[in-house]
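Please read the structure below before turning to the comments.
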Amino acid sequence: MFRLPLALVSALLFAVSFARADPSIWRAQGWKTDFSKTSINLSEVLSGGQTKDGIPPIDNPKFIEVSAVSDLGEREPVIGLEINGDARAYPLRVMTWHEIVNDRVGGVPVAVTYCPLCNSAVVFDARIDGRALSFGTTGKLRHSDLVMYDRSTESWWQQFVGEGIAGTYTGRKLKLVAARLESWTDFRTRHPDGKVLVANNPWMRNYGRNPYVNYDISRPSYFYTGSMPEGISPMARVVVVRRESKPPIVIALQKLRDSKTMVRDGIKIGWKVGQNSALHSSVIAEGRDVGSVSVSDATSGRDLVYDVTFAFVAHAFHPETTIEK
């Protein structure tokens, strides 16, 4: 959630990360959240150094046709989403600076989200009890992960799992929507008639730049204070395959890279070269190649919900699940 070079502000971040928030302080800041309802220990919520919507979500997204795109690198990462024949790409060069896009795709209200500190790209059906919600950023973090809020009740939601953690919607879960974190080339090939998100005000942010240079080859951010996974680097990429009625499947990306294809419980998980890391080089288009993951039903080929995140994140939110190394 910070926007300055890590090496220059490490001491400040360390101090901010331990400035544990307090409901009375949050109320004084204007939050209308019902903090008497919560599913977590609120001491786990840290200030990310930002105010409410200090990282501004995109509420009226602007798109252009695939054929009109000229500034995306061939291997640049995008979140590829298709619902009811409506295909859209959300480049991380834009998502890094906004983290949430409130959109309607194929007639379905969705929240397209990306947390850079977790490299977590997750799409949600934005409806609860038939009511479409609009989401913003709280400026808070839990386990280094974005804490969102809905504008109807100001309930707080954990981005990584899509669950309400404080307020009226505590304990409620948003429905996950299958999407791909893929290269621009792959999306363009799959959806030549698709649409691509562009910045509403391209001069307002340094789009295409990565404010977290070398983050994915360093260590977890100062905003993570929990335990670390055993037998694997906390910053190793892992694939988390989400399942509704079972624990997730978590596989180290290196293991998947070595075998290229795996099948687990009727789920086909594949990897191939050709996608930049958005958290390596100062220019996203020049990031190291970490490859692309696909997850589908082994029988039907239907895309399934998954995420490519860091081992420490998977461990923080699914400590009972063993990471396949």
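Computed quantities for the displayed model
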{"read-out": "For residue 283, residues with placed amide H under 5 Å, excluding near neighbours", "value": "210"}
{"read-out": "Pairwise label distance in nanometres, residue 214 with residue 131, each label 7 Å out on the Cα-Cβ vector", "value": "4.8 nm"}
{"read-out": "Length added when fully stretched, residue 64-residue 29, from 0.36 nm per residue minus Cα-Cα", "value": "8.8 nm"}
{"read-out": "Sequence-distant residues sharing a close amide H with residue 306 (under 5 Å, placed H)", "value": "179, 242"}
{"read-out": "Cα-centre dipole for the chain with unit charges at Cβ (Lys and Arg positive, Asp and Glu negative), debye to 20", "value": "160 debye"}
{"read-out": "Tensor-based shape of region 190-270 (alpha-carbon gyration tensor, a/c under 1.5 rounded, otherwise prolate or oblate)", "value": "oblate"}
{"read-out": "Only Lys, Arg (+1) and Asp, Glu (-1) charged, at Cβ; region 22-174 dipole about Cα centre in debye", "value": "400 debye"}
{"read-out": "Rounded D (µm²/s) - region 201-318, Kirkwood Rh over Cα pairs, Stokes-Einstein at 20 °C, 1.002 mPa s", "value": "137 µm²/s"}
{"read-out": "Residue-averaged [θ]222 nm for the chain, counting only DSSP H segments that reach four residues, each worth -39500 (n - 2.57)", "value": "-3500 deg cm²/dmol"}
{"read-out": "Global form of region 114-190, assessed from the alpha-carbon gyration tensor, a/c cut-off 1.5", "value": "oblate"}
{"read-out": "Heavy-atom surface of region 151-190, accessible at 1.4 Å and reported per residue (Å²)", "value": "35 Å²"}
{"read-out": "Long-range amide H partners of residue 152 with built H, under 5 Å", "value": "134"}
{"read-out": "Of 121, 92, 156, farthest towards positive along the dipole that unit charges on Lys, Arg, Asp, Glu beta carbons give region 44-163", "value": "156"}
{"read-out": "Percentage relative contact order, the chain, counting C-alpha pairs under 8 Å, at least six apart", "value": "20 percent"}
{"read-out": "Most to least accessible of 71, 129, 145 (protein chains only, probe 1.4 Å)", "value": "129, 71, 145"}
{"read-out": "FRET efficiency for residue 288 and residue 36, using Cβ-Cβ distance with R0 set to 51 Å, rounded to 0.05", "value": "0.65"}
{"read-out": "Of 32/195; 37/62; 52/173, pairs whose Cα-Cα distance is over 29 Å", "value": "32/195; 37/62"}
{"read-out": "Within the accessible area of region 157-227 (1.4 Å probe), percent carbon and sulfur", "value": "48 percent"}
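The values are calculated or read from the model by the stated rules, or taken from the named source; none is laboratory data. Computed from a predicted model, the values in this text were never measured in an experiment. Every residue, glycine among them, receives a Cβ derived from its backbone with ideal geometry; neighbour counts consider all protein chains shown. Side chains included, ligands, DNA and RNA excluded: accessible areas come from the protein's heavy atoms. Shrake-Rupley method; radii C 1.70, N 1.55, O 1.52, S 1.80 Å.
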